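Presented below is the structure to which this report refers.
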Amino acid sequence: MGSKHRPSSVHDMLDLAVIGATVVTPSGPALLDIGVRDGITTMVVTPGSLPEATRVIDATGKIVLPGGVDPHVHTNAPGGMAGVLGRDVITKAALHGGMTTIIDFVWPGSGSPTEELDRVVAEWDGTSYTDYGFHVVLSDGTPDAGLEEIPGMIEAGFPSFKIFTTTITPPGGTVGAFRTSTGTLMEIFKLTARHGGIVDIHAEDDELVMHQYRKHFEAGKTDVRYMADVHTTISEDLSFRHCLQLQSHIPGAAAYFHHVTAGLGVEAVREYRAKGRPVYAETLAVLSFVDQSVYAEPDGHKYHIYPSIKFPDDVEKIWDGIRTGDIHTFGTDGVCCLWEDKNRARTIHETWGGVTGVEPKVALLYTELVNKRGLGLKRLAEVSSENAAKIFGLYPRKGAVLAGSDADFVIIDPTDEHPAKAADLHEGDWTPWEDWMLCGWPTWTVKGGRVVVEHNVMTDDSTAGRLLRRTLDPAVHAGTAVN
């Protein structure tokens, strides 16, 4: 093994050692060596002090980040949408990109929320490449008896519940109707506050969105280029503040806003966090890398997710929120499909609302957040892994390179710069980032102590992903889970 390693007995022999890299721990980046045994990170130590290992990765010049935790992935088709690429595709692609844990969604079905959750859990068993958890979607269609199941689902390890304040599109659009009224949201806030859960929110003002649809239909302005004029910044402002004001009347209620799109949304989150409210926020690459002008491009709908991409000033305010710590995570919101489906329509109500993006996310964030904006490796680790793990009850098992944590990490090469190509990725046949020059691509992905991807080749294709039952840290409800 060389002079860097002290001799070991067979009993303290490591399964894997990673040496020579800059390791991003919760304390920040440092030159450290990592030792792994039985799927757990057992040692994070000064260089040269590891015992011998069965396998050694010399990662000199590379960067080790905690395995990515994506809190917003759709492989379970919303409302039974046809054409959604499933977990067999997306979780494998996630590993190629260094994302080792995802949280998907359980949608309302024919049974009670618990029955639908049990069905999905059984369906996933032994079929995912990544570890995984679930948010449970609730709506006005959930009967009172279903809401009464919230405490049991939290106790069973499913403490996060997704609601929509809008139907998103009018009848006949591409999105199912899962709207939750203020009264139902109040009851969900009360139950989650009392029993240790959190409410995830897709927040838009439904009346304003539907008004804008009607006005645009009447004017014949149905092309996707008008999307930001239908799903407006005002709508986000009104709905965020409505939800936050309701939350403020319910002690202990915690809220997480999916896909913050607008500067007004960032300001609302910042204001209520300053009041000590337990409020957390997510954005997406498509919301923070491009603005609504891309909708005018011939294939500009390739970037679209609902609500919508907003304006240049909103992009900069999102990045300001990332810098100040008011935006905590990056999700994908990937209702992934083939290009045939994504390209089927480019109207304000029929455009497919979802992108491929879980695989290139680490490279995208390294390129933009670290190289371009200089926010540093610690912030990169936080928004790609650590914060999601802390908010959703996975930390420190996930989200950290620490002794005692799961040995999930991605080793990236800061000098590896090449354009994103759908042909090189594993999420269907297109990417919104085609020909974008990105750096910091993964060289190795380690999951549970196993090297699963090496130089963009899957070396361990077992569907060994585990269901993660979660319990929220009390800091979540105190508003202090993340900085």
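Looking only at Cα atoms, what is the convex hull volume of the chain per residue, in Å³? Don't jump to the answer; show the numbers that get you there.
Numbers: hull volume 61.8 nm³, N = 483.
Taking the convex hull of the Cα positions in the chain, it is 128 Å³ per residue.
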Problem - Burial ordering of V294, V209, V69, fewest other beta-carbon atoms within 10 Å first - result: V294, V209, V69
Completion exercise
Largest first and rounded to whole Å, the semi-axes √(5λ) derived from the alpha carbon gyration tensor of the stretch 403-483 read 30, 19, 14
Practice task
Starting with the fewest neighbours, write out T332, T25 ranked by other beta-carbon atoms found within 10 Å of each beta-carbon.
Solution key: T25, T332
Exercise for the section: Starting from the Cα coordinates of the stretch 234-295, work out the convex hull volume and express it per residue in Å³. Expected result: 75
Completion exercise
For the pair N343 and E148, the simple spin-label estimate (label points 7 Å beyond Cα toward Cβ) gives in nm 5.2
Problem - Quotient of C-alpha Rg and 2.2 N^0.38 Å, computed over the stretch 95-170 - result: 1.20
Problem - Candidate aspartates and glutamates - alpha carbon under 15 Å from K221, same-chain residues fewer than 8 apart omitted - result: D229, E350
Exercise for the section: Could you line up E382, E148, E454 from fewest to most neighbouring Cβ atoms inside 10 Å? Expected result: E148, E454, E382
Exercise for the section: Please grab the % of Cα pairs in the stretch 216-336 that end up more than 17 Å from each other. Expected result: 56
Exercise for the section: Express in nm, to one decimal, how much length is gained between K378 and H418 on full extension, taking 0.36 nm for each residue of separation and deducting their alpha carbon distance. Expected result: 12.0 nm
Handout entry: Two-site label geometry, D429 and R214: point separation in nm, points 7 Å out along Cα→Cβ
Key = 4.1
Practice task
Apply the Kirkwood formula to the stretch 164-277: the hydrodynamic radius equals the inverse of the mean of 1/r over all pairs of different alpha-carbon atoms; give it in Å with one decimal.
Solution key: 14.9
Fill in the blank from the handout: Bounding extents of the stretch 66-130 in its principal axis frame from Cα atoms, largest first in Å, are 36, 23, 20
Completion exercise
Against the 2.2 N^0.38 Å rule of thumb, the C-alpha Rg of the stretch 1-156 sits at a ratio of 1.41
Exercise for the section: With no solvent and one equal point scatterer per Cα, compute the Debye intensity ratio I(q)/I(0) for the stretch 134-204 at 0.14, 0.19, 0.23 Å⁻¹ and report its log10, rounded to two decimals. Expected result: -0.40, -0.70, -0.97
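Just so you know, all these numbers are worked out from the coordinates, no wet-lab data involved. Fair warning: this is a prediction, and the values are worked out from it, not measured in the lab. Positions of Cβ are generated from backbone atoms using ideal geometry, with glycine treated the same way; all protein chains shown enter the neighbour counts.
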